[in-house]
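The values are calculated or read from the model by the stated rules, or taken from the named source; none is laboratory data. Computed from a predicted structure; not experimentally measured. Neighbour counts are summed over all protein chains in view; Cβ atoms, including those assigned to glycine, are modelled from backbone coordinates with ideal geometry. The protein model used for the area step is the full one, side chains on, heavy atoms only, and it has no ligands, DNA or RNA in it. Shrake-Rupley method; radii C 1.70, N 1.55, O 1.52, S 1.80 Å.
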Amino acid sequence: MVGSDRQSVAGFFGFTRWPDQVVSLDLGGRVLSITGTPGHQESSISVHDPWTGFLLTGDTVYPGRLYVQDMAAFHRQH
């Protein structure tokens, strides 16, 4: 289980420079790339699977209105 606050998320994935860093998550031979994507929610992450090419962004990228709480942080990451 991972907590939902930024400190819990950063600690679980091993971030030392949140969100200015890409960290790896090894699923046992399949390594995903994780990066922080704050702005809409302080502890949001995006997950890239280089094997499939999929980028999982939650609701960061979608055709619709985006409500951002920290616009400066959002712009730094996009």
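Overall shape of the chain was characterised from the C-alpha gyration tensor. The equivalent ellipsoid obtained from it has semi-axes of 21, 16, 11 Å, in decreasing order.
Compute the normalised compactness of segment 1-45: alpha-carbon radius of gyration over 2.2 N^0.38 Å, N being the residue count. In units of the globular-protein estimate, segment 1-45 measures up at 1.11. The residues VAL68, VAL9, sorted by heavy-atom accessible surface at 1.4 Å with ligands and nucleic acids left out, run VAL68, VAL9 from largest to smallest.
Please compute the net charge surrounding THR35, taking Lys and Arg as +1 and Asp and Glu as -1 over other residues with Cβ under 15 Å from its Cβ. Cβ neighbours under 15 Å give a net charge of 0. When you restrict to C-alpha pairs under 8 Å that are six or more residues apart and normalise by the size of the chain, the relative contact order lands at 22 percent. Accessible surface for ARG30 stands near 90 Å², nearest 10, in the context of the full protein assembly shown (1.4 Å probe).
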